[in-house]
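Below: the structure, in C-alpha cells.
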Amino acid sequence: MEPQDRIVVFLAEFDYQVQQINSMYTRLETKVSAIEKQTVAVEAVESAGYWMHNLYCAFEDLFKLVAGFWENSLSADGEFHVQLLKRMLLSIEGVRPALLSEGSFKFLNELRGFRHVFRHAYSYGLDDERVSTLLRKILEQKGDVIQDLNNFRKIIAGYID
C-alpha cells in the first residue's frame, strides 16, 4: 500500500473514532439534568460516571490509533495510560503534529484520573458532587478538545494533497 493510501485509511479510522467520541458527548449531554436535581438518584450518578468512563476510553482508543500509526510503538508498562496521554501532547518533528493542546491535555488527564476511580469505585461508590462538577467540565471543554482533533486531522489530511 502506498504511503498516501495508508494515510487515507488512518484518516478513515480517525474519523470513525472521533464519531464515537461525539456519540459519548451526546450521551453525557442528556445526563446533565438528571445529575443536577436536588435529590440525585444513585443510578443517575452511576450512569453519568459510566458514560464519562466510556468517553475517556474512546479518547484512549484514538490515542492508541495515533501512536500506533505514526510512532509504530506502544509500551505496555505500568505507566501506559499516563504516557500515552502525554505522547498526544508532543509534536514529533518529522513524524506528526501534537494531537492535543496543553489545556486539552490537562482536562483529559483529569478525566483519565476519574476513569481510574470509576473502575475501582465498586466498594465505596461515586461522589455525586465530583461527578456533577466533572460532567459540567466535560461539556464545557468539548469545543476545545474537538477543535484540537480537527486541527490535527486538517494537518494530516494535508500530507496527502
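The values are calculated or read from the model by the stated rules, or taken from the named source; none is laboratory data. All figures in this text were calculated on a predicted structure; none of them were measured in a lab. Note: ideal-geometry Cβ built from the backbone for every residue, glycine included; neighbour counts use all protein chains shown.
When only residues in segment 117-127 that are at pLDDT 70 or above and either loosely packed, with under 12 Cβ neighbours inside 10 Å or in contact with a helix residue (DSSP H, G or I) (Cβ under 8 Å, 6 or more places away or on another chain) (or both) count, which is farthest from ALA58 (Cα to Cα)? Checked segment 117-127; the qualifying residue farthest from ALA58 (Cα to Cα) is GLY125. None of SER33, SER23, SER75 is in a loop (DSSP other than H, G, I, E, B) and out of contact with any Lys or Arg (no Cβ under 6 Å at 6 or more places or on another chain) except SER75. Hey, any hits in segment 60-79 for a residue that's surrounded by 14 or more Cβ atoms within 10 Å (Cβ to Cβ), of a type in the set (Val, Ile, Thr) and closer than 18 Å to LEU126 by Cα? No: segment 60-79 contains no residue that is surrounded by 14 or more Cβ atoms within 10 Å (Cβ to Cβ), of a type in the set (Val, Ile, Thr) and closer than 18 Å to LEU126 by Cα.
Within segment 78-110, restricting attention to residues that are over 20 Å from ALA157 (Cα atoms) and part of a loop (DSSP other than H, G, I, E, B), the residue that is modelled with the lowest pLDDT is GLY78.
Give me the residue from segment 80-116 that is at negative phi and of a type in the set (Gly, Ala, Ser) and, out of that set, surrounded by the most Cβ atoms within 10 Å (Cβ to Cβ).
Narrowing segment 80-116 to residues at negative phi: 80-93, 95-116.
Adding the requirement that they be of a type in the set (Gly, Ala, Ser) leaves 91, 98, 101, 103-104, 113.
Values: SER91: 10, ALA98: 18, SER101: 15, GLY103: 12, SER104: 21, GLY113: 14.
Per the criteria, the residue is SER104.
Close contacts from segment 1-14, counting a first residue that is under 16 Å from LYS64 (Cβ atoms) and a second that is of a type in the set (Gly, Ala, Ser) and in a loop (DSSP other than H, G, I, E, B), with Cβ to Cβ under 7 Å and a gap of 6+ residues or different chains, come to none at all. State yes or no: is TRP70 in a helix (DSSP H, G or I) and under 13 Å from the mean Cα position of the chain (by Cα)? When the stated conditions are applied, TRP70 does not pass them. Taking the criterion of being more than 28 Å from LYS154 (Cβ to Cβ), surrounded by fewer than 16 Cβ atoms within 10 Å (Cβ to Cβ) and among the polar types (S, T, N, Q), the residues of segment 1-57 that qualify are THR30, SER33, GLN38, THR39. Answer yes if at least one residue in segment 135-154 is at pLDDT 95 or above, in a helix (DSSP H, G or I) and farther than 17 Å from ILE21 by Cα, and no otherwise. Yes, there is a match, as at least one residue in segment 135-154 is at pLDDT 95 or above, in a helix (DSSP H, G or I) and farther than 17 Å from ILE21 by Cα.
Could you say whether any residue in segment 98-110 is small (Gly, Ala, Ser), in contact with a Ser or Thr (Cβ under 6 Å, 6 or more places away or on another chain) and in contact (Cβ under 8 Å) with a residue 40 or more places away in the chain?
Looking for residues that are small (Gly, Ala, Ser), in contact with a Ser or Thr (Cβ under 6 Å, 6 or more places away or on another chain) and in contact (Cβ under 8 Å) with a residue 40 or more places away in the chain, one finds at least one in segment 98-110, hence yes.
Out of the residues in segment 113-143 that are of a type in the set (D, E, K, R) and closer than 20 Å to LEU84 by Cβ, state the one that is nearest to the chain's Cα centre (by Cα). Restricting to residues being of a type in the set (D, E, K, R) and closer than 20 Å to LEU84 by Cβ, the top hit is ARG115.
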